[in-house]
1. Which of (1) loosely packed, with under 14 Cβ neighbours inside 10 Å; (2) within 13 Å of L158 (Cβ to Cβ); (3) of a type in the set (A, V, I, L, M) does V94 not meet, given it meets every other one?
2. Does any residue of the range 18-30 turn out to be within 19 Å of Y120 (Cα to Cα), surrounded by 15 or more Cβ atoms within 10 Å (Cβ to Cβ), among the polar types (S, T, N, Q) and at pLDDT 95 or above?
3. Could you figure out which of (1) more than 26 Å from G44 (Cβ to Cβ); (2) more than 16 Å from the chain's Cα centre (by Cα) isn't true of S129?
4. Just give me the residues in the range 145-159 being of a type outside the set (A, V, I, L, M) and more than 18 Å from the chain's Cα centre (by Cα), in sequence order.
5. Looking only at residues that are modelled with pLDDT under 95 and small (G, A, S) in the range 108-123, which one is farthest from Y70 (Cα to Cα)?
6. Got a sec? Which helices (runs of 4 or more DSSP H) wholly within the range 55-160 have at least 2 residues that are in contact (Cβ under 8 Å) with a residue 40 or more places away in the chain and under 25 Å from E35 (Cα atoms)?
7. Select, from G102, G85, G147, G124, the only residue that is within 27 Å of Q52 (Cα to Cα) and surrounded by fewer than 14 Cβ atoms within 10 Å (Cβ to Cβ).
8. Could you check how many residues of the range 79-107 are over 12 Å from C60 (Cα atoms) and not charged (D, E, K, R)?
Amino acid sequence: MTTITPQDHLHEQHIVEISTADAPIALLLLADPSEQKVRDSLKGSKCFVYEQSGAVIGACVVQPLGFGTYELMSIAVLPEHQKNGIGTALLKSVICTLRQAGVAKLEVGTGTFGYQLAFYQRQGFRVTSIEKDFFINNYKEPVFDSGLQLFDMLRLTLKL
């Protein structure tokens, strides 16, 4: 178990791995609007949560792809706790855990614009490919970010 205690918070905080059966689905739906995709992403994955004063306020799911590579399937923080470094602390903890387990790289797919793209780039992820029309071909309903429809997905990679 990793314990994170930011200096500017007085409440006790922990980042722990939990069973995917206990994954906070409602929270993960903040990162992906498809409940079926969220549930499918949990199969064979690892789930980590950020707990503060006994409440789960952040969650992250990573899935092994093989050959020393994992994919970040989703990461989400409750809206009222966003922009406080919780997502960054959670992702850094997961990266550290994967690195210690001998994982060589972490991949993620995200939209071609928005705060998520900047978030991953701040953590050192680099764009490695583009999947054209991903959001059109893989979601029944259009997916929007900041009022704009998403079409293509960027694949980013972080070498651990």
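The values are calculated or read from the model by the stated rules, or taken from the named source; none is laboratory data. Please read these numbers as outputs of a predicted model, since none were measured by experiment. Neighbour counts run over all protein chains shown; Cβ positions are idealised from the backbone, glycine included.
1. Of the numbered conditions (1) loosely packed, with under 14 Cβ neighbours inside 10 Å; (2) within 13 Å of L158 (Cβ to Cβ); (3) of a type in the set (A, V, I, L, M), the odd one out for V94 is (1).
2. The answer is no, given that none of the residues of the range 18-30 is within 19 Å of Y120 (Cα to Cα), surrounded by 15 or more Cβ atoms within 10 Å (Cβ to Cβ), among the polar types (S, T, N, Q) and at pLDDT 95 or above.
3. It fails just one condition, (1).
4. As a first pass, look at the range 145-159 and keep what is of a type outside the set (A, V, I, L, M): 145-147, 149, 151-152, 155, 157, 159.
Matches in the range 145-159: S146, G147, Q149, F151, D152.
5. Filtering the range 108-123 for residues that are modelled with pLDDT under 95 and small (G, A, S), the one farthest from Y70 (Cα to Cα) comes out as G114.
6. Here the list reads 86-100.
7. From the options G102, G85, G147, G124, the qualifying one is G124.
8. 14
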